[in-house]
Amino acid sequence: MNVNIRRIKAFIMVATTHNVTEAARRMNMTAPAITKGVRELEQALGAALFQRTSQGMQLTAEGKAFYLHSKRALRELEDGQRAVSDLRGGVGGKVAVAAQSDVLNFMLPTAVAQVLKRVPDLELEFAGGDFDNLVHSTRVGDLDLFVGLVPEAGHVDGLTVEVLYEDELSIVVRADHPLLQKKRLTLKELTNQSWIRPTESLTMEHLLKDSFDSDSIPYPKRWIMVRPLGAMRTILYNTDFLAAVSRMRVHEELGAGLLKILPVELPNTRHQVAIFSRGDEYLSRWARQVVIALRRIKRGANP
């Protein structure tokens, strides 16, 4: 079967852009050449990989199956080139990492910064996103690793899970919030307060709801949704809003005294945060250095 790298790259680009013309532009090729490469690949595989729709070129069931493996194969070849470069004393290279939005704290940026100090010409991709998309990107090799919440099952098929730390939800407010002056405060008293809803992941919101449900306390009704951490901080600093967040997510703000934790326990909100990757054998030299830096930070950063 004649399946060469150029055809695989053309196939992946069409699958990514859903458009032959755009794929050709990005690959500095002509549209007919892209179309020819995809057709030859389909003939070699004996299956149609795309169907034309009003939303552009969409993968067939066979195309989706081949896409996953072709992405991995292409990434493995790129990793092999980097491995040869490493053995020859080369520097630089590429690292692609991400953090699930709910756990985007200082740890991963600090680890990456430590590696960049040693290798300033390292090509870095740093992303965020929801758990399912990060899992998919890591499986196909678009990401070397990501930091995220450990699912209830405790594992993810096809990925290794290395726990970094355990955390829990806390109720944080600005440093001069009037509720901090109360000698005794209960969760029930907070149901009528204005809250910032836990961010993108439903996991955090479910944990918070379970906390209220465990004591049969009505869940707060006054919420706003604020996803970027910077925007949430600004609102907290300038209003009487409450936010239920993981302590590590606001580690620096708590350390600087800009935010305070209300002395109200949120039971049943303990959770784990871990490094997700395809395993050490698939990590490049510098991706492994990011993991090593994370382990070093972990030793002194547990809540």
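The values are calculated or read from the model by the stated rules, or taken from the named source; none is laboratory data. What you see is a predicted model, and the numbers here were worked out from it, not measured in a lab. Every residue, glycine among them, receives a Cβ derived from its backbone with ideal geometry; neighbour counts consider all protein chains shown. Each accessible area value is taken on the protein alone, full model and side chains, heavy atoms only, with ligands, DNA and RNA left out. Shrake-Rupley method; radii C 1.70, N 1.55, O 1.52, S 1.80 Å.
Data for the structure
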| read-out | value |
| --- | --- |
| Segment 136-160, subset closer than 15 Å to VAL103 by Cα and in contact with a strand residue (DSSP E or B) (Cβ under 7 Å, 6 or more places away or on another chain), residue most open to solvent (accessible area, probe 1.4 Å) | VAL150 |
| Residue list for segment 177-207, filter: modelled with pLDDT of 90 or more and within 28 Å of the chain's Cα centre (by Cα) | TRP195, ILE196 |
| Verdict on GLY92 being part of a helix (DSSP H, G or I) and at pLDDT below 85 | no |
| Meets criteria (open to solvent by 10 Å² or more (accessible area, probe 1.4 Å), assigned to a helix (DSSP H, G or I), touching a strand residue (DSSP E or B) at 6+ places or on another chain (Cβ under 9 Å) and charged (D, E, K, R)) for ARG288 | no |
| Residues located in segment 144-169, provided they are within 9 Å of the chain's Cα centre (by Cα) and not aromatic (Phe, Trp, Tyr) | LEU145, VAL147, GLY148 |
| Residues being exposed (fewer than 12 other Cβ atoms within 10 Å of the Cβ) and assigned to a loop (DSSP other than H, G, I, E, B) - total across segment 126-135 | 0 |
| Segment 46-63, residues that are open to solvent by less than 60 Å² (accessible area, probe 1.4 Å) and over 23 Å from THR21 (Cβ atoms) | ALA47 |
| Qualifying residues in segment 215-263 (those that are of a type in the set (S, T, N, Q) and farther than 21 Å from ASN192 by Cβ) - the one most open to solvent (accessible area, probe 1.4 Å) | THR234 |
| Residue count for segment 136-151, restricted to those that are outside any helix (DSSP H, G or I) and either modelled with pLDDT of 90 or more or closer than 30 Å to LEU236 by Cα (or both) | 9 |
| When residues of segment 111-125 are limited to those that are modelled with pLDDT of 90 or more and in a helix (DSSP H, G or I), the one surrounded by the most Cβ atoms within 10 Å (Cβ to Cβ) | ALA111 |
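Yes/no per residue for (1) assigned to a helix (DSSP H, G or I); (2) out of contact with any Gly (no Cβ under 9 Å at 6 or more places or on another chain); (3) more than 30 Å from SER284 (Cα to Cα); (4) β-branched (Val, Ile, Thr):
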position	(1), (2), (3), (4)
ALA24	yes, yes, no, no
ILE34	yes, yes, yes, yes
ALA44	yes, yes, yes, no
GLN58	no, yes, yes, no
LEU68	yes, yes, no, no
ARG72	yes, no, no, no
LEU77	yes, yes, no, no
